[in-house]
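No value in this document is a laboratory result; all are computed from the given coordinates. What you are looking at is a predicted structure, and each value in this text was computed from that prediction instead of being measured. Every residue, glycine among them, receives a Cβ derived from its backbone with ideal geometry; neighbour counts consider all protein chains shown.
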Amino acid sequence: MCWLRKLPSVRPLPLLLALLAAVVASPAPGQFTATETGSAAPTLGDARTQKFRVGLVVTAEGGTCRDIYATLPVPADWPEQKVQILQEDVSPDVRSLRYRTLPGGVKQMIVEIPSLHAGDKAEAIVTFSLERMSIIPPVDPAKLSIPEKPDRALRVFLGPSPYIETRHPKIMKLAKATGEDLEGWQKVEAIYDTVREKVEYRNGDLKGAARALADGWGDCEELTCLFIAMARAEGIPARTVWVEGHCYPEFYLVDADGQGWWYPCQAAGTRAFGGMPDQLPILQKGDTFRDPDRPGKTLRYVSEFIRGSAKDGVGSPKVEWIREGA
């Protein structure tokens with residue numbers, strides 16, 4: 001339970017969080033579905049369903065606030081997660097509640113409040129139904145290999161990202177030595193085992209892959225970052241999966257016909273390679289994002305965002321972010 005408390009906020013605002021157990025399933029391009037039977041493909045296991053609330057409560061403090069605009073990441077469909085909107089609770093001061101999807105598949109909820117008088121509150125809270133499935137490792141992973149010519153969509157998962165120093169000399173050297181004379185699944189598993197051997201799990205401030213390797217310890221973010229950095233250094237597409245209160249990596253391999261799938265692994269915690277027994281709500285996947293509301297910034301995670309102006313130079317919006325089980 002490490003990453004949520006360290007997410008960069010746009011301004012110091014209170015954050016309401018809760019760790020939840022959940023459920024999933026739904027197809028996406030280049031990934032597995034519940035009906036695939038290929039021996040190299042991961043398969044979906046048991047499903048669990050839960051309600052999940054995301055939203056905000058805004059209070060105008062010190063005076064009237066105008067032009068309040070906020071964005072929040074919300075759960076989206078993934079092969080192992082299916083999402084439905086059950087209810088939208090919106091107070092009268094909210095002018096609009098809508099959604100958009102950023103490149104990379106991050107879904108955002110957008111809330112606009114034209115004006116809020118001093119002391120008044122406005123809220124926009126959406127209740128989702130999440131069906132989350134566990135993932136079972138492939139029957140015959142020996143058939144899998146590293147993609148020789150990854151397409152444009154995969155190439156973004158081969159370069160550096162914030163805190164994932166793919167080109168750091170020590171990371172490149174360790175990755176090469178770890179994967180030498182190994183192919184496909186065996187190479188990725190060797191990287192996985194090396195990361196867990198070299199970096200002791202310990203909570204701390206975010207410091208990234210290279211520092212964690214040098215220090216010999218880190219939490220789920222550092223273990224995930226180092227695995228991804230080493231995998232990418234060896235030409236293996238890899239990315240971060242952000243779940244409620246935690247994160248873990250996925251890697252991409254293909255079969256003899258060029259069909260590829262994403263395979264998860266638990267970098268921190270109980271060993272799980274190529275499958276994922278945990279069923280926490282998936283919030284987003286990836287670690288290199290652009291948000292049009294934060295131009296010029298590369299984000300490793302698309303966090304909550306709010307802006308607004310004060311009438312006559314006084315007043316400011318105080319926000320309580322909601323992300324919790326319902």
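Take E244, E200 and order them by how many other Cβ atoms sit within 10 Å, fewest up front.
Values: E244 23, E200 12.
Final ranking by Cβ density, sparse to dense: E200, E244.
Restricting the count to DSSP beta bridges whose residues both fall in region 135-285, what percent are antiparallel, rounded to a multiple of 5?
On the way: 18 of 20 bridges.
Counting only bridges with both partners in region 135-285, antiparallel ones make up about 90 percent.
For the chain, find the longest principal axis of its Cα atoms and tell me its angle to the long axis of helix 184-198, 0 to 90°, nearest 10. The angle comes out near 70 degrees.
Taking Cα atoms only, the orientation of helix 169-179 departs from the longest principal axis of the chain by about 50 degrees. Its relative contact order, with pairs defined as Cα atoms under 8 Å and 6+ residues apart, puts the chain at 29 percent. In the chain, the longest principal axis of the Cα atoms and the axis of helix 220-233 are about 50 degrees apart. Over all pairs of different C-alpha atoms in region 135-285, the reciprocal of the mean inverse distance, the Kirkwood hydrodynamic radius, equals 15.2 Å. Backbone amide hydrogens, once placed in the peptide plane, bring D120 within less than 5 Å of A60, excluding anything fewer than 5 places away on its chain.
Can you give the Rg to Rh ratio of region 232-275, both from alpha-carbon atoms, with Rh computed by the Kirkwood formula?
1.02
For V90 and D120, the difference between the fully extended length at 0.36 nm per residue and the C-alpha to C-alpha distance is 9.4 nm. Taking every DSSP helix (H) stretch of at least 4 residues in the chain, weighting each as -39,500 (n - 2.57) and dividing the sum by the residue count yields a mean residue ellipticity at 222 nm of -4500 deg cm²/dmol.
Segment K318..R48, full-extension length gain: 93.7 nm, with 0.36 nm per residue of separation and the alpha-carbon distance subtracted.
Taking other C-beta atoms within 10 Å as the exposure proxy, I191, I171 rank I171, I191 from fewest upward. Here the relative contact order of region 174-275, from alpha carbon pairs under 8 Å that lie six or more residues apart, stands at 22 percent. What separates the Cα centres of region 159-193 and region 135-150 is a distance of 17 Å.
Entry for the chain at q = 0.12, 0.13 Å⁻¹: log10 I(q)/I(0) = -0.83, -0.95, Debye formula applied to identical alpha-carbon scatterers, no solvent contribution.
The mean sequence separation of alpha-carbon pairs under 8 Å and at least six residues apart, normalised by the residue count of region 103-204, gives a relative contact order of 21 percent.
Taking the fewest neighbouring Cβ atoms within 10 Å as the starting point, the ordered list for Y248, Y69, Y99 is Y99, Y69, Y248.
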